[in-house]
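S.K.: My structure is below; once you've seen it, I'll send some questions.
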Amino acid sequence: MTDLVPIARSLFAEGKGILAADESVHTATARLASYGIPTSAEMRRKYRDLFFGAEGIEQFLSGVILFSETLREKGNDKKLFPKSLAARGILPGVKVDLGTEPISTSPEELITQGLLDLPERLAEYKKQGAAFTKWRAVIRIDGDQLPTASAIHENAKRLAQYAKEVQTAGLVPILEPEVLLEGKHSRARARAVIKEALTTLFSVLEEQSVDRASLVVKTSMALSGSESPRKDTPEEVAEDTLAALMESVPRQVAGIVFLSGGQSPDQATDNLGAIIRRAREVSAPWPLTFSYARALQDEALELWKGKEENVPAARAAYLDRLAKVSAALAA
Ligand code: 13P
């Protein structure tokens, strides 16, 4: 049996974190369109190559989460993406959930799909070179009404089943109950919901006897909602984020990674730095790092515009952002 703990721990190598490049076809299409880039399978491949083919990324990245389509594709160097990443010491991972759908009894809330044929798909992803996986659940805040306890619980049950199957298949699971930034809520409300989601998740993981030491938690930071006028300082974000995590995540987990969730690249960088400092102050027991999609990609996409001649400038902006986020880990 593969020992998953060292693989999970290697994602937290000093100064390194994860690039989440696992946008589904639907999300990648919308993301590229927002930069005026028309999409096609070839444009998506070039989009991935922009971020995976950049020289020097291995200084900053321990892992990359891929979309299943990308596992089978080749970079401009004619090498399969997972092989070329692994050759540079970057672990390839894969998103294995199949997206969300509304919950029939609470249609404003979402439940994540993808358990039905999961074992077969995991065997295939492993053959294709994946070492770890991700499953994203989505938790929406709306005043005191949402999330409902049952939406949190149903999503936790699926995350637990996912984690168990992934560990059985010899892969590391990342469990992501994402509390959305969208909304008018306060930072205190976000903190309480993050705590509730993670507390419920770990109670279900315990019931299902899922091994904690070889799993990674991916969480949102505690932030005021995107429609709230409140501008949180990094210190406020750090204090509330650590409070929620210290009250809910057992010390045995391999580590915790953060999503950027719609924060600007600078916000996601500054908040990470403050979180790392706060973690030291409160003697947080787990390693922490980033697992960002938008905060690492946005500046580069703005420059790239889907054009070959813009690749060097776009990659320079991406490497610059990677260096800043990595420096925040040593804050
Ligand atoms: P963002 O950093 O853009 O939030 O994406 C991270 C992620 O993996 C969401 O599932």
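The values are calculated or read from the model by the stated rules, or taken from the named source; none is laboratory data. Computed from a predicted model, the values in this text were never measured in an experiment. Ideal geometry is used to build each Cβ from the backbone, glycine not excepted, and the neighbour counts take in all protein chains shown. These area figures cover heavy atoms from the full protein model, side chains too; ligands, DNA and RNA do not enter into them. Shrake-Rupley method; radii C 1.70, N 1.55, O 1.52, S 1.80 Å.
S.K.: Could you tell me how many cubic angstrom of Cα convex hull volume segment 64-193 has per residue?
M.R.: Taking only Cα atoms, segment 64-193 has a hull volume of 127 Å³ per residue.
S.K.: With the cut-off at 23 Å, report for segment 125-275 the share of all Cα pairs above it, as a whole percent.
M.R.: For segment 125-275, the share of Cα pairs beyond 23 Å comes to 35 percent.
S.K.: Let me know the Rg and Dmax you get for the chain when you use only its Cα atoms, in Å.
M.R.: 18.5, 54
S.K.: Please list, in order along segment 51-58, the HN-Hα scalar couplings obtained from phi with the Karplus expression 6.51 cos²θ - 1.76 cosθ + 1.60 (θ = phi - 60°), rounded to whole Hz, x for Gly and Pro.
M.R.: Coupling constants for segment 51-58: 8, 8, x, 5, 6, x, 5, 5 Hz.
S.K.: Amide H of residue 137: which non-local residues (sequence gap of 5 or more, or other chain) have their own amide H closer than 5 Å, using H built in the peptide plane?
M.R.: 176, 178
S.K.: Can you give me the % of accessible surface on segment 15-166 that is carbon or sulfur? Probe 1.4 Å, all protein chains present, nothing else counted.
M.R.: Of all accessible area on segment 15-166, carbon and sulfur atoms account for 54 percent.
S.K.: In whole percent, what relative contact order does segment 1-136 give with Cα contacts below 8 Å and a gap of six or more residues?
M.R.: The value is 23 percent.
S.K.: Taking only C-alpha pairs under 8 Å that are 6+ residues apart, what is the relative contact order of segment 150-291 in percent?
M.R.: 27 percent
S.K.: Here is a follow-up. Can you run phi through the Karplus equation (6.51, -1.76, 1.60; θ = phi - 60°) for segment 300-314 and list ³J(HN,Hα) in whole Hz, with x for Gly and Pro?
M.R.: 5, 5, 4, 7, 5, 6, x, 10, 3, 5, 9, 4, x, 5, 5
S.K.: Checking the table 83/305; 195/231; 127/157 against a 32 Å threshold on Cα-Cα, which pairs fail?
M.R.: none
S.K.: If you don't mind, another one. Using Cα centres only, tell me the gap between segment 13-80 and segment 136-201 in whole Å.
M.R.: 25 Å
S.K.: Along the positive direction of the dipole of the chain (beta-carbon charges: Lys, Arg +1; Asp, Glu -1; about the Cα centre), which of 94, 106, 262 reaches farthest?
M.R.: The one lying farthest along the dipole's positive direction is 94.
S.K.: In debye, nearest 20: dipole of segment 181-331 around its Cα centre with unit charges on the Cβ of K, R (+) and D, E (-)?
M.R.: 100 debye
S.K.: Just the number, please: carbon plus sulfur as a percent of the accessible area of segment 199-254, 1.4 Å probe, no ligands or DNA/RNA counted.
M.R.: 47 percent
S.K.: Please list, by residue number, everything in segment 271-300 whose backbone N is under 17 Å from a paramagnetic label point 7 Å out along Cα→Cβ of residue 39.
M.R.: 293-295, 297-298
S.K.: Using alpha-carbon pairs under 8 Å, 6+ residues apart, how would you state the relative contact order of segment 39-99 in percent?
M.R.: Relative contact order for segment 39-99 comes out at 37 percent.
S.K.: Under the Kirkwood approximation for Rh and a Cα-based Rg, what ratio Rg/Rh is obtained for segment 221-310?
M.R.: 1.06
S.K.: Please list 3J(HN,Hα) in residue order for segment 255-271, calculated via the Karplus relation 6.51 cos²θ - 1.76 cosθ + 1.60 where θ = phi - 60°; whole Hz, with x for glycine and proline.
M.R.: x, 10, 10, 10, 8, 8, x, x, 6, 5, x, 5, 4, 4, 6, 5, 5
S.K.: Could I get the Rg over Rh figure for segment 1-76? Both from C-alpha atoms, Rh via Kirkwood, rounded to two places.
M.R.: We get a ratio of 1.04 for segment 1-76.
S.K.: Might you report the magnitude of the Cβ-based charge dipole of the chain about its Cα centre, with Lys and Arg at +1 and Asp and Glu at -1, to the nearest 20 debye?
M.R.: Magnitude of the dipole: close to 780 debye.
S.K.: Excluding ligands, DNA and RNA, what is the solvent-accessible area per residue of the chain at a probe of 1.4 Å, expressed in Å²?
M.R.: 41 Å²
S.K.: Next question, about the same structure. Using a 1.4 Å probe over the heavy atoms of the protein chains, calculate the carbon and sulfur portion of the accessible area of segment 287-331 as a whole percent.
M.R.: Using a 1.4 Å probe with all protein chains present, segment 287-331 comes out at 56 percent carbon and sulfur.
S.K.: Oh, and also: Could you give the dipole magnitude of segment 46-201 about its Cα centre, charging the beta-carbon of Lys and Arg +1 and that of Asp and Glu -1, in debye to the nearest 20?
M.R.: 500 debye
S.K.: While we're here: Scan around residue 260 for amide H atoms under 5 Å from its own, H built in the peptide plane at 1.01 Å from N, and keep only partners 5 or more places away or cross-chain.
M.R.: 293, 294, 295
S.K.: Using amide H atoms built 1.01 Å from N in the peptide plane, name the residues 5+ places from residue 109, or on other chains, whose amide H lies under 5 Å from its own.
M.R.: Placed amide hydrogens put 103 under 5 Å from residue 109.
S.K.: For residue 115 and residue 58, calculate 0.36 nm times their separation in residues minus their Cα-Cα distance, and state this gained length in nm to one decimal.
M.R.: 17.3 nm
S.K.: Next question, about the same structure. Which of the trypsin sites (Lys or Arg not before Pro) found in segment 187-259 are loop residues per DSSP with 13 or fewer other Cβ atoms within 10 Å of their Cβ?
M.R.: 230, 231, 251
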